Amino acid sequence: MSQHRTAALIVAAGQGARFGDALPKQFLPLAGRPLVAHAHAAFAGHPDIDAVLVVTAPEQAAMLEQAVPGARRCDGGVTRRESVANGLAVLAAEGFDRVLVHDAARPLVPSAVIDALVAALDTCPGAVPVLRVADTLARADGRLGEVVPRDALVRVQTPQAFRLADLVAAHRGWPADAEATDDAQMLRAAGATVATIEGSTMLDKITYPADLATAEALLAGRMVSRSATGFDVHRLEAGEELWLGGVLVPHDRGLSGHSDADVALHAITDALLGTIAAGDIGQHFPPSDPQWKGAASAQFLEHAVELVKGAGGVIDFVDLTLICEAPKIGPHRDAMRERIAALLQVAPAKVSVKATTTERLGFAGRGEGIAAQAIATIRIPDWNP
């Protein structure tokens, strides 16, 4: 097992002037999520990355919190080089010895690229993803000039991986009045070897509006559909409130449990966790933990939604079936759909609520409890099909 501590440093302090939008491009939406959120999720979800630090301008701190709630950040500098140096200083002080430096304007990061970069650091102090140039290259100054041989030319992308101490030294040795195209060139200038690994068209940088449209198409082509089910049951008892689907339903008894015992939200939560193979509700909110005593189940579902979003997932549909003899679900169906949709951050049309009985058979038929069954369908990026 590797003893290295590896961090991802996402540079997101730019203003995106060339994009022509008032909002800095790293916060523009791609498939419903800001660009920086896509990149952050790719690193945060990779087993070889121990931490993610985002560098933004001080005035962008609130935008980052909205884009990636809870994301760690530090202030950037006037130039990209200064921003990276600020981030490296934070990571070095925290004991990290490897770093992947990445531009937020490259939102789609295949896990296979991260794998290859981390592995390359075992033999080289730095590594970068590259793509060979397929087009004819020529000099031009208003008129077409001579062709430039392309055999040994590549396009250099990010993330770029480094042994942190080597990159810090390269930054310290770089002339203060000069700017570098990227960190790999700084390491090369310091005399270190930088390995190359196979890059990906998914890593192409978003600079102009047309690039964003291309990324949307690429992302759509890499999305796969997943479905998972959830099931829950709770006992009906006198003196308890009856919460179903996030709605307080008038009834002579309520559901008993460690939390508010909302079987509907519990079942949907488990279904969502299942779509990303994230275990079950008991793992995330153990009933033995006193902090969840009487807790609103809405926060359990919101947690699952954030995990799905963090994995790059998009919720397409949720279907819920409540199994009980009483109360009647019909009068509360629309309110439940509205509340569940709000928690899922989707339109009510993407939520179905149904009810059935067991023809007076079993615990539900005897009115001893209520059961709920849910199925959730999402789309999620599949970087390595």
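The values are calculated or read from the model by the stated rules, or taken from the named source; none is laboratory data. Computed from a prediction, not measured in an experiment: that's the story for all the values here. Counting neighbours? That spans all protein chains shown, and the Cβs are built from the backbone with ideal geometry, glycine included.
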TODO: For residues that are part of a loop (DSSP other than H, G, I, E, B) and in contact with a helix residue (DSSP H, G or I) (Cβ under 7 Å, 6 or more places away or on another chain), scanning just region 172-189, find the one that is surrounded by the fewest Cβ atoms within 10 Å (Cβ to Cβ).
DONE: Glu179
TODO: Return a yes/no flag: does region 49-62 have any residue that is assigned to a loop (DSSP other than H, G, I, E, B) and more than 24 Å from Asp382 (Cβ to Cβ).
DONE: yes
Task: Selected residue (only one of Pro149, Pro129, Pro110 is within 27 Å of His38 (Cα to Cα) and at pLDDT below 95) - done: Pro110
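Out of Ala192, Ala169, Ala127, which single residue is surrounded by 11 or more Cβ atoms within 10 Å (Cβ to Cβ), part of a helix (DSSP H, G or I) and either without any contact (Cβ under 8 Å) to a residue 40 or more places away in the chain or not polar (S, T, N, Q) (or both)? Walk me through how you get there before you give the answer.
On the way: Ala192 fails: part of a helix (DSSP H, G or I); Ala127 fails: part of a helix (DSSP H, G or I).
Every option except Ala169 fails the conditions.
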- [ ] Taking Asp97 as the residue in question, decide whether it is among the acidic types (Asp, Glu), touching a helix residue (DSSP H, G or I) at 6+ places or on another chain (Cβ under 9 Å) and farther than 26 Å from Leu219 by Cα.
- [x] yes
Open item on the list: Looking at Gly246, Gly230, Gly239, can you tell me which residue is over 26 Å from Ile315 (Cβ atoms) and not β-branched (Val, Ile, Thr)?
Closed with: Gly239
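Output the residues belonging to region 152-166 that are in contact with a strand residue (DSSP E or B) (Cβ under 9 Å, 6 or more places away or on another chain) and either over 20 Å from Leu100 (Cβ atoms) or assigned to a helix (DSSP H, G or I) (or both). Before you say what the answer is, go through the steps one by one.
Kept after step one, since they are in contact with a strand residue (DSSP E or B) (Cβ under 9 Å, 6 or more places away or on another chain), are these residues of region 152-166: 153-164, 166.
Residues satisfying the conditions are Leu153, Leu164, Asp166.
Quick one: would you say Ser297 is of a type in the set (Ser, Thr, Tyr), exposed (fewer than 15 other Cβ atoms within 10 Å of the Cβ) and out of contact with any Phe, Trp or Tyr (no Cβ under 6 Å at 6 or more places or on another chain)? Write out each step before concluding.
Details: of a type in the set (Ser, Thr, Tyr): yes; exposed (fewer than 15 other Cβ atoms within 10 Å of the Cβ): no; out of contact with any Phe, Trp or Tyr (no Cβ under 6 Å at 6 or more places or on another chain): yes.
No.
Let's see how each residue does on (1) within 27 Å of Gly330 (Cβ to Cβ); (2) modelled with pLDDT of 95 or more:
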| position | (1), (2) |
| --- | --- |
| Leu255 | yes, no |
| Ala271 | yes, yes |
| Asp280 | no, no |
| Pro287 | no, no |
| Pro290 | no, no |
| Gly294 | no, no |
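Quick check, is Arg172 basic (Lys, Arg), under 16 Å from Gly87 (Cα atoms) and under 31 Å from the mean Cα position of the chain (by Cα)?
Working: basic (Lys, Arg): yes; under 16 Å from Gly87 (Cα atoms): yes; under 31 Å from the mean Cα position of the chain (by Cα): no.
Considered against the rule, which asks whether it is basic (Lys, Arg), under 16 Å from Gly87 (Cα atoms) and under 31 Å from the mean Cα position of the chain (by Cα), Arg172 comes out as no.
Looking at Glu359, is it over 26 Å from the mean Cα position of the chain (by Cα), surrounded by fewer than 20 Cβ atoms within 10 Å (Cβ to Cβ) and more than 18 Å from Gly245 (Cα to Cα)? Can you show your working first?
Working: over 26 Å from the mean Cα position of the chain (by Cα): yes; surrounded by fewer than 20 Cβ atoms within 10 Å (Cβ to Cβ): yes; more than 18 Å from Gly245 (Cα to Cα): yes.
So Glu359 passes the test.
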- [ ] Give me a count of the residues in region 66-105 that are assigned to a helix (DSSP H, G or I) and either at pLDDT 95 or above or over 22 Å from the mean Cα position of the chain (by Cα) (or both).
- [x] 14
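Give me the helices (runs of 4 or more DSSP H) completely within region 202-305, filtered to those with at least 2 residues that are assigned by TED's automatic domain parsing to the domain that holds Ala31 and in contact (Cβ under 8 Å) with a residue 24 or more places away in the chain, ordered by residue number. Write out each step before concluding.
Values: elements: 209-221, 263-275, 281-284.
In region 202-305, the matching helices (runs of 4 or more DSSP H) lie at 209-221.
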